[in-house]
1. Looking only at segment 246-275, count every residue that is on the phi < 0 side of the Ramachandran plot and open to solvent by less than 40 Å² (accessible area, probe 1.4 Å) and tell me the total.
2. So which residues in segment 267-295 are under 24 Å from the mean Cα position of the chain (by Cα) and modelled with pLDDT of 85 or more?
3. Restricting segment 90-104 to residues that are open to solvent by 30 Å² or more (accessible area, probe 1.4 Å) and either touching a Pro at 6+ places or on another chain (Cβ under 9 Å) or in a loop (DSSP other than H, G, I, E, B) (or both), which is nearest to H252 (Cα to Cα)?
4. From G264, G218, which residue is modelled with pLDDT under 95 and closer than 30 Å to D73 by Cβ?
5. Output the number of residues of segment 201-239 satisfying the condition of being of a type in the set (D, E, K, R) and touching a helix residue (DSSP H, G or I) at 6+ places or on another chain (Cβ under 9 Å).
6. Of (1) open to solvent by 60 Å² or more (accessible area, probe 1.4 Å); (2) assigned to a loop (DSSP other than H, G, I, E, B); (3) out of contact with any Asp or Glu (no Cβ under 7 Å at 6 or more places or on another chain), H232 satisfies all except one. Which?
7. How many residues does segment 90-135 hold that are free of Cβ contacts under 8 Å to residues at least 40 places away in the same chain and either β-branched (V, I, T) or touching a Phe, Trp or Tyr at 6+ places or on another chain (Cβ under 7 Å) (or both)?
8. Give all pairs with beta carbons closer than 8 Å in which a residue from segment 238-255 that is closer than 14 Å to H226 by Cβ and at pLDDT 90 or above meets a residue that is of a type in the set (D, E) and crowded, with 22+ Cβ neighbours inside 10 Å; count only pairs at least 6 apart in sequence or on separate chains.
Amino acid sequence: MRLDQFLTSVFPRPVTRSHLKKLMEEGRVLVDGVPAKPHHRVKPGQKVEVSLEEAVASSLEAEEIGLDILYEDDDIVVVNKQPGIAVHPGAGVHSGTLVNALLNHCKDLSDLNEGRPGLVHRLDKDTSGVIVIAKNNASHVELARQFKAREVKKNYLALVKGVIEIDNGVVDLPIGRHPSNRQKMAVRHDSERNAITEFKVIKRFENSTLVMLNLKTGRTHQIRVHMAYIGHPVLGDEKYGSKGKFPRQALHSFYLKLRHPVTGKEMEFRAPVPADMKDIIGPDYSNILPLTKAF
């Protein structure tokens, strides 16, 4: 097999073939200790070494924006993202993002995602909670591998419209781009992108339900699409049918479990429930908290 084909097959996204080709051209890929070109044929038993390119100058601006840091070391930083802040610049958003804040806080971030330094996964702008950031490319590759292999456990808390009668359930329905609105996702039975969301009821209120959700897959807008499909859209989620009085989608990334990308140690992180969701939960919050064990 050609070396470039071999490396593309073993490296998870976002490491692209063009990025690997650049590393080979710079002599950063060795086969049995010798720099090798993309067309080099590799054989079983050979040792392939890749020196991942470290962060380079970015056109993104560092901005002094407060961060709620749950954990940090030389390889990763885990942040409790606040609602209302986009994770990275995009259409119509050029500043004030989590990436801008991270550039101000960290000397180095991984650069495998062009324009999105450090980002291994993402949260929607109005979703709060735990997100892990890679501070170097080696950590980024290993974390991306864990996400791709579904070794990372992610639990969310959500306030949804209506009273869910059953105590727990599973939504196993594929998700794809909405057929008429390209800015939305939808349950698409013709999609090959399977999506599985487990949920359990934590507390029922008069017109809403607090649920905990476990993502078995990580599709765009997965929780929002699945809960809307079963008739219980996330409160405040105008895009998927539940605007109401809540100022944003009432969705919080509550719990994240992964293995440290360098040490391999299992690590767990929890982000406190934000004040706007606490206000809806009310005085029962302290009694409810023990029920939110990861599942």
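1. Looking only at segment 246-275, we keep the residues that are on the phi < 0 side of the Ramachandran plot, and these are 246-263, 265-275.
Okay, now just the ones that are also open to solvent by less than 40 Å² (accessible area, probe 1.4 Å), so 246, 248-256, 258, 260-261, 267, 269, 271, 273-274.
Final tally of qualifying residues: 18.
2. If the condition is that a residue be under 24 Å from the mean Cα position of the chain (by Cα) and modelled with pLDDT of 85 or more, then M267, E268, F269, R270, A271, P272, V273, P274, A275, D276, M277, K278 are the ones that fit.
3. Applying the first criterion (open to solvent by 30 Å² or more (accessible area, probe 1.4 Å)) to segment 90-104 yields 90-96, 103-104.
From what is left, the residues that are either touching a Pro at 6+ places or on another chain (Cβ under 9 Å) or in a loop (DSSP other than H, G, I, E, B) (or both) are 91-92, 94-96, 103.
Working: A91: 24, G92: 24, H94: 24, S95: 23, G96: 20, L103: 24 Å.
The qualifying residue nearest to H252 (Cα to Cα) is G96.
4. On the way: G264 fails: modelled with pLDDT under 95.
Just a single option satisfies the conditions, and that option is G218.
5. Going through segment 201-239, the residues of a type in the set (D, E, K, R) turn out to be 203-204, 206, 216, 219, 224, 237-239.
Checking which are touching a helix residue (DSSP H, G or I) at 6+ places or on another chain (Cβ under 9 Å) leaves us with 203, 219, 224, 237, 239.
Total meeting the criteria: 5.
6. Condition (1) is where H232 drops out.
7. Of the residues in that region, 4 qualify.
8. Q249/D237; L251/D237
The values are calculated or read from the model by the stated rules, or taken from the named source; none is laboratory data. None of these values were measured; they are calculated from a predicted model. Here the Cβ is made from the backbone with ideal geometry for all residues, glycine too, and neighbour counts use every protein chain on show. Accessible surface areas use protein heavy atoms only, side chains included; no ligands, DNA or RNA. Shrake-Rupley method; radii C 1.70, N 1.55, O 1.52, S 1.80 Å.
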